[in-house]
Structure formats: C-alpha cells, structure tokens
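The values are calculated or read from the model by the stated rules, or taken from the named source; none is laboratory data. Worth saying up front: this structure is predicted, and the values here are computed from it rather than measured. Please note: Cβ atoms are built from the backbone with ideal geometry, for glycine as well, and neighbour counts cover all protein chains shown. Surface areas here come from the heavy atoms of the whole protein model, side chains and all, with no ligands, DNA or RNA. Shrake-Rupley method; radii C 1.70, N 1.55, O 1.52, S 1.80 Å.
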Amino acid sequence: MIRRGRTPLLLLEADPWRRESLLAFLAAEGFDVATEDVSGAPEPEFVLVGLGDEPGSPAVRIERIRSRHPEAKVVVFVREVNARTTFPCLMAGVKGVLPNTAGTAELRHAIRCIREGSL
C-alpha cells in the first residue's frame, strides 16, 4: 500500500468507468484525488492522464499539463505501450507510461518507482 498521508493527485481520465475505478483505488491508497484541474487546488505530486481517443496531440496535452504543474510527476495511460506511444511521452517529460489494462499492482509499482526517481 502507498500510504504517506493524503498526497494530492490529479486524475484526468475521460472514460467514466476508468475514472471511477481509479478514483476509488487511489483514494483507498491514501491520495487526495481531484478530477478537475482548478486554480487554487493543492499542487499535485502526481498527474495521471488517460490518453484515450481525445482529439489533439498527446504531446501538446502533456506539455500543457507540465506547464501548469511543473513539479508534478506525470503518468499516462495509453491504449498500447510501444515505441510509437512511449517515446513521445518520455520526450514530453512523462515519468511513467502504463497500458490502459494496467492493474492495481502495476500502478502501485509505477508510483513507487517514480517516487524513488526511476521512470
């Protein structure tokens, strides 16, 4: 379990089923989860982003998030993890790339590794 107080986390996921599932899991893991990027909210340690089928370039979207939250560690969920999806994300400053099918153990592991300074 990842408990270290109530760590602020921003979850940007358009799919309502995935959002609700991730929201419940992350809250149980000790995160204070916001699902909207609003001014005045605590600066998140992590920003989890579902790069689904939304229009626009993922790199542009990531750049916008990173400019708004420069200290946050960005983790993205992609349909398929491969060089075509991973490399542009890493070049945009993302700390973690997970498949949409990642389970709780994979997400816990990714967060732990990122907190320790790994990608």
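Annotations for the structure displayed:
- Using the Cβ of C113 as centre and a radius below 11 Å, the other residues enclosed give a net charge of +3, where K and R count +1 and D and E count -1.
- Here the accessible area is traced with a 1.4 Å probe on the protein chains. For region 1-104, carbon and sulfur cover 56 percent of it.
- Farthest positive-ward along the chain dipole, Cα basis, beta-carbon charges - from S57, A83, S67: A83
- Note on region 17-119: with charges restricted to the Cβ of Lys and Arg (+1) and Asp and Glu (-1), its dipole about the Cα centre is near 300 debye.
- Scalar couplings 3J(HN,Hα) for region 103-119, obtained by applying the Karplus form with A = 6.51, B = -1.76, C = 1.60 to θ = phi - 60°, are x, 4, 5, 5, 5, 4, 4, 4, 5, 4, 4, 5, 4, 7, x, 8, 9 Hz; x denotes Gly and Pro.
- Placing unit charges on the Cβ atoms of the charged side chains and taking the dipole of the chain about its Cα centre, the candidate lying farthest along the positive direction among G103, V33, L12 is G103.
- Tensor-based shape of the chain (alpha-carbon gyration tensor, a/c under 1.5 rounded, otherwise prolate or oblate): rounded
- Probe 1.4 Å, accessible area per residue of the chain, Å²: 58 Å²
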